[in-house]
Amino acid sequence: SYCQYLIYGVKKGIMQKLSTIFPFSRTPMRTHVRTRFAPSPTGFLHVGGLRTALYSFLFAKNQGGDFVLRIEDTDQKRLVPGAIESLISTLETVGLSCDEGFGLRNGTCEQHGNHGPYIQSERLGLYQGYANELVERKLAYHCFCSSERLAEMREIQIAAKRAPRYDRHCLSLKPSEVEARKSAGEASVIRFRIPDDRDIEFGDLIRGTVKFHTRDMDDQVIIKSDGFPTYHLAVVVDDHLMEVTHVIRGEEWLSSTPKHILIYEALGWQPTEFGHLPLLLNPDKSKLSKRQGDVAVEDYLAKGYLKEALINFVALLGWNPGKGETQEIFTLAELQEKFDLTKVNKAGAVFDIKKLDWMNAEYIKRMDTDSLFARLKKGNFLEKELIRKAPDPMQTDVFLKRVLTIEQDRLAKLSEFGEQNPFFFTDTVEYAVDLLRWKENTPALIQEALKKARAILGTLDESMWETHAELERVLLEAAGEKRGDFLWPLRVALSGAQRSPSPFDCAWVLGKNQTLKRIDKAIRICETGK
């Protein structure tokens, strides 16, 4: 990786030489749009991270550009085994595959593209080389201050009601003293020297003109004592060398942007364009965080939210297609076509779970039953105790698809499958005799209605039970004008519930044998009163 730095240094030297001959800047203007998503492998993908990745993906695709995925693993103490695979798998599951960077092939992480490596721990020589260049040019310096001294310094500053910042104790060290202390094995970091008394102004793609003053900025560490870079240096080096043109990230990084612009300036590079997204908020307007419920994308997928609905919902957390637009359901292709960073709001976006439930239900309604059933299987939503304990005929794909057909318009999440109608998955149903009663009907009238239904359904050919519409037609004809007298006791006999799907739905799902068996039981209950 240090060779990479040397090679790039040669290229940079050539460009600097050419810039003295031809009137263009040290770093030519890039016209091909390239965005990136750069998560840290410290856990699962947060929905806020998904939004950042989604907006970066949509912007690149809308502009005909590239979406790059790289891994920022400089904080070695917080790395979680398997997190890289999990992050990439989640992104690819929801449809956000990168054009270059990290991807999965047969469950194994692979890098592809011409700007790698795409993981920071394999690029250490690059960061150290540029940091040393800044030290040589006196734009950065070694700092040997212990953690104890820094803590004491901050306590004094806070007590004096001053903003905590490094006091530049090591700024005046001579190169010979620095080398002597390093040779003696003394630990040190490299700090970037923030210029004095400067206004740093830049145009944010979402927030407009933003201004900071260097008096409010600290000489941040750019190389840690373990040789790894901090985010500030690594992100600038990586974005530049990977030719990233637009950085879309959360607003928590807004205050770091002037530091990054200064590092770009110190290295003679053209800064990327920046766009800082608003916070995601809970309904009480507090920041969405792990302490207040599930925020991992995997959690929502595991609960039965469709990937298409989740992408659609997250896209609308801060972005809208514009005034006069009433469309709320978008395919990923439609989002790519319509996405515009200028239509991202500055204010925080509320994560409304009720809106997500509604949107997910809409997607479920619009899917064909076979595709939805495949999603149930793939997501293991059929592996629930309710179904596992059901009689064998009630565990077949044919039976389960019929249940899904009846429930599809009522599901908000795939995990709800079967839970609203548990009577589909048992041999017997229990209920009080009074539940069979329609209004003031006598037991004799109830029994008469049930026997009539038994006689009609018992004579139907098996082929008639294959078609829901046929069952509905036959039973409605038999009901006549007094539908409640006939249909209510039949529905209760089949479901044993106060509320359930129609008797046509129940009979079609249960099939002839189970339907007749339940009607016979209801007739006996009317006869015996229990």
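Side notes on the structure shown:
- Scanning segment 265-281 for residues that are without any contact (Cβ under 8 Å) to a residue 40 or more places away in the chain and either crowded, with 18+ Cβ neighbours inside 10 Å or under 19 Å from A315 (Cα atoms) (or both) yields one hit, T272.
- Subset tally (residues that are open to solvent by less than 30 Å² (accessible area, probe 1.4 Å) and either touching a Pro at 6+ places or on another chain (Cβ under 7 Å) or in contact (Cβ under 8 Å) with a residue 60 or more places away in the chain (or both)) for segment 282-295: 3
- D66, sole failed condition from (1) in contact with a helix residue (DSSP H, G or I) (Cβ under 9 Å, 6 or more places away or on another chain); (2) open to solvent by less than 20 Å² (accessible area, probe 1.4 Å): (2)
- Test: residue in segment 164-171 that is closer than 24 Å to D238 by Cβ and crowded, with 16+ Cβ neighbours inside 10 Å: no
- Look at segment 421-440: where a residue is without any contact (Cβ under 8 Å) to a residue 40 or more places away in the chain and more than 17 Å from P503 (Cβ to Cβ) and a partner is aliphatic (A, V, I, L, M) and part of a loop (DSSP other than H, G, I, E, B), sitting 6+ places away or on another chain with Cβ atoms under 8 Å, you get F425/A390; T426/A390.
- Flag if S89 is in contact (Cβ under 8 Å) with a residue 60 or more places away in the chain and not basic (K, R): no
- Which numbered condition A60 fails, given (1) in a loop (DSSP other than H, G, I, E, B); (2) in contact (Cβ under 8 Å) with a residue 24 or more places away in the chain; (3) out of contact with any helix residue (DSSP H, G or I) (no Cβ under 7 Å at 6 or more places or on another chain): (1)
- Residue pairs meeting the criteria (Cβ under 6 Å; at least 6 apart or on separate chains; first touching a residue at least 24 places away in the same chain (Cβ under 8 Å) and among the acidic types (D, E), in segment 182-193; second open to solvent by less than 70 Å² (accessible area, probe 1.4 Å) and not in a strand (DSSP E or B)): E186/F144
- Qualifying positions in segment 417-434 - out of contact with any Ser or Thr (no Cβ under 9 Å at 6 or more places or on another chain) and buried (at least 17 other Cβ atoms within 10 Å of the Cβ): F417, G418, F425
- Segment 205-219, residues that are open to solvent by 10 Å² or more (accessible area, probe 1.4 Å) and either within 20 Å of G125 (Cα to Cα) or not in a loop (DSSP other than H, G, I, E, B) (or both): G208, T209, V210, K211, F212, H213, R215, D216
- The listed residues are Q498, Q514, and the only one of them that is surrounded by fewer than 23 Cβ atoms within 10 Å (Cβ to Cβ), over 14 Å from A449 (Cβ atoms) and modelled with pLDDT under 95 turns out to be Q498.
- Per-region count, segment 472-499, residues within 44 Å of the chain's Cα centre (by Cα) and at negative phi: 8
- Here D73 fits the description: at pLDDT below 95 and either open to solvent by less than 30 Å² (accessible area, probe 1.4 Å) or in contact with a Ser or Thr (Cβ under 8 Å, 6 or more places away or on another chain) (or both).
- Pairing residues of segment 68-80 that are more than 16 Å from F228 (Cα to Cα) and in a loop (DSSP other than H, G, I, E, B) with residues that are open to solvent by less than 10 Å² (accessible area, probe 1.4 Å) and among the small types (G, A, S), at Cβ distances under 8 Å and at least 6 apart in sequence or on separate chains, gives R70/G101.
- Considering residues of segment 221-239 that are open to solvent by less than 10 Å² (accessible area, probe 1.4 Å) and not β-branched (V, I, T) only, the residue farthest from A131 (Cα to Cα): D239
- Residue count for segment 189-204 under the criterion of being open to solvent by 50 Å² or more (accessible area, probe 1.4 Å) and either basic (K, R) or touching a His at 6+ places or on another chain (Cβ under 9 Å) (or both): the result is 4.
- Yes/no for E179 being out of contact with any Pro (no Cβ under 8 Å at 6 or more places or on another chain), assigned to a helix (DSSP H, G or I) and open to solvent by 10 Å² or more (accessible area, probe 1.4 Å): yes
- Hey, H260 of a type outside the set (G, A, S), without any contact (Cβ under 8 Å) to a residue 40 or more places away in the chain and either buried (at least 22 other Cβ atoms within 10 Å of the Cβ) or touching a helix residue (DSSP H, G or I) at 6+ places or on another chain (Cβ under 7 Å) (or both) or not: yes
- Positions within segment 123-159 being touching a His at 6+ places or on another chain (Cβ under 8 Å) and in contact (Cβ under 8 Å) with a residue 60 or more places away in the chain, in sequence order: C143
- Residue selection: E407 satisfies the criterion of being acidic (D, E) and open to solvent by less than 30 Å² (accessible area, probe 1.4 Å).
- Residue pairs whose Cβ atoms lie under 8 Å apart, sitting 6 or more positions apart in sequence or on different chains, and linking a residue in segment 321-333 that is within 18 Å of Q63 (Cα to Cα) to a partner that is surrounded by 12 or more Cβ atoms within 10 Å (Cβ to Cβ) and aliphatic (A, V, I, L, M), are L332/I311.
- Within segment 435-457, considering residues that are open to solvent by less than 40 Å² (accessible area, probe 1.4 Å) and of a type outside the set (A, V, I, L, M), the one nearest to D520 (Cα to Cα): Q447
- Single unsatisfied condition, G480 versus (1) modelled with pLDDT under 95; (2) closer than 24 Å to G511 by Cβ: (2)
- Restricting attention to segment 460-485, the residues being small (G, A, S) and buried (at least 16 other Cβ atoms within 10 Å of the Cβ) number 2.
- Taking strands (runs of 3 or more DSSP E) as the structural unit, those lying wholly within segment 87-163 and holding at least 1 residues that are touching a Leu at 6+ places or on another chain (Cβ under 7 Å) and surrounded by 16 or more Cβ atoms within 10 Å (Cβ to Cβ) correspond to 100-105, 140-143.
The values are calculated or read from the model by the stated rules, or taken from the named source; none is laboratory data. All values derive from a computational prediction rather than experimental measurement. Ideal geometry is used to build each Cβ from the backbone, glycine not excepted, and the neighbour counts take in all protein chains shown. Heads up: the accessible areas ignore ligands, DNA and RNA and are worked out on the full protein's heavy atoms, side chains in. Shrake-Rupley method; radii C 1.70, N 1.55, O 1.52, S 1.80 Å.
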